[in-house]
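Step one of this worksheet: look at the structure below.
Here, each number is a calculation from the coordinates, and none is a lab measurement. Remember, predicted model here, so these are calculated numbers, not experimental data. So basically every Cβ, Gly included, is an ideal-geometry build from the backbone, and we count neighbours across all protein chains shown.
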Amino acid sequence: MTRLAWFHCFSGIAGDMALGALVDAGADGDQVVELVERLPVGGWKLEFEPVLRCGIAATKARVHAEDTTVHRTAGNITAMIEEAGLPERVARRSLATFHALAEVEGRLHNRPPSQVHFHEVGALDSIVDVVGTCAALEVLGIDEVHASSVATGTGMVRSAHGLIPVPAPATVGLLAGAPTHGTDVPFELTTPTGAALLAATACGWGAMPAMAIAASGFGAGDRDLDGQPNATQVVVGEATVADRPGQPVAVLEVNVDDATGEALAHAVERCLEAGAHDAWVTPIVMKKGRPAHVVSALCDPARMGEVAAVLTAETGSLGVRGHTIERWPAARSLDEVEVLGERIAMKVTAGRAKPEHDDAARAARLLGLPLREVVSLAEEAWRQRGVEPLVPPPDGEPA
C-alpha cells in the first residue's frame, strides 16, 4: 500500500512546522536526529517540545545553532547533503528542496542557481529543518506527499535584503501553480523553506486524498495568533483501494474546429505544465459533418481555474465545460537503473517497470543507440537488480 502524508496549511507552513507536525504524528524524534546528525557539520542541537496553540496540542521543533549568520551557496549545501550518507529518499527530497530554492532565488537575483547565496535558508537551523523534515517523512515511511491550499499571510517581513512583502517573492515563486490563499493575518505564515519543501515533495494539491487515516499531528510556529492556531497539520494514512471512494478529479473539455495539430499539441503540453494529471486530444465530427477535436484535461479540483484558463487561452474557445469524476490511481513508485553509464528512471507498479521516456530518449541520443534497445536494456537492468523502488513518481502521470 502507498503511505500518504497530507499537509493542511490553514495557517501556512515553515520548515520547523512541517518537522514538528511529522514528529507529532508519530515520527520518532531520536531516529530523525540520528539521520540529521550524518550531516558533516556540527554546532547544532534539535529538540522537540510539546506546546499548545489556541488550545490544540502541538509539537515545536527547535534548532539551537551556533552559525545562524553563516551564508552558504547552493553548491555548499548540495555537497553537504551528498557527503552525509543519508537514505536515498532523504537525500533526494532534501536536494530537491534546495534545488527548488536555488532555481527561484537565481531568477529573482539574476544569477545561476549554483551561485546563489542562501541567507536565512542557508543558515544551519534551516538546513536542519529541511533535512529533518525529509528524515521524518522517511521514518514514517511516507511514499507520497499531498498538501491543501496554502495560507500566506500579509504585511512586510525583514530579510537580509531589507523589508520585503508577504508573501515573500521566493515563496510566491516556489508556490507557482499550487493553490494558495491570502489571509488578513499580519504575519508571514508561509516561509520560503516551507514553500520549498512542498514544491519539492508534493505530488497532489487540494482536499485530503482518499486514505485510511493512521495518525495526525500539529507542528507549531513560533508566535501565538489571535483566533487561530499557528500550526501546520499533517494527516498520515494508507491510500485506499479501488473498492473504496476514489479521489475526486475534474475533467475539463473544449471543442476546437480551427486549430492546427501543432497548436493542439502545445495546448496539451501547457495543461500538463499547469498541473493537470493528464491531457489528451480526441477527434470528433461536429454538426454539418465538420471535423474537429476535443481537448480534455484531468486535474485536481483545486486547479480547475488554472487549467481552464490554459484551455481557453491556447485553443481560443469561448468557454469550458467540465464534470467531476473519481479515480483510483495504481500504487506506483520510482526506481533508477544505469544503462551503459546513463541513469534512467523507471516507473514501477505491480512488479512491472517501465523506463521514463525522456530519460530513455536522452540516453539513446547520447549512446547512439535505437530507443527500443535502450528501453530493453533498462528493463533487463531493473529485473536483474530486483530491488525495492526508491521514491514516489512526480504528479502528472496518468492513472
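List of remarks:
- With a cut-off of 14 Å between beta carbons, the residues surrounding Val251 carry a summed charge of -1, where Lys and Arg count +1 and Asp and Glu -1.
- Cα principal axis extents for the stretch 118-241, largest first, Å: 50, 32, 29
- Within the listed set Lys347, Lys45, Lys288, the Gaussian network model of the chain (springs between alpha-carbon atoms below 10 Å) gives the highest mean-square fluctuation for Lys288.
- Computed over the alpha carbons of the stretch 333-385, Rg followed by Dmax gives 9.9, 32 Å.
- Taking the chain as a Gaussian network of alpha-carbon nodes connected by springs under 10 Å, the highest mean-square fluctuation of the residues Gly155, Gly275, Gly206 belongs to Gly155.
- Rounded to the nearest 20 debye, the dipole magnitude of the chain is 900 debye, with +1 charges on Lys and Arg beta carbons, -1 on Asp and Glu beta carbons, and the Cα centre as origin.
- Taking every Cα-Cα distance in the stretch 3-239 and sorting them into 10 Å bins starting at zero, the pair-distance distribution P(r) comes out as 8, 35, 40, 16, 1 percent.
- Euclidean distance of C-alpha centroids, the stretch 283-344 and the stretch 132-171, integer Å: 28 Å
- Nearest 10 degrees, 0 to 90: helix 88-109 Cα axis against the chain principal axis: 90 degrees
- Computed over the chain: relative contact order in percent, which uses C-alpha pairs under 8 Å that are six or more apart: 19 percent
- Just checking the listed ones, Ala364, Ala25, Ala84: in the Gaussian network model of the chain with Cα springs under 10 Å, the one fluctuating most is Ala364.
- Counting neighbouring beta carbons within 10 Å and listing from fewest to most, the residues Ser317, Ser94 come out as Ser317, Ser94.
- In degrees, nearest ten, helix 124-139 long axis to first principal axis of the chain (Cα): 60 degrees
- Residue-by-residue Karplus 3J(HN,Hα) for the stretch 29-44, coefficients 6.51, -1.76, 1.60, Hz, glycine and proline x: x, 5, 5, 4, 4, 4, 5, 5, 5, 6, 4, x, 8, x, x, 9
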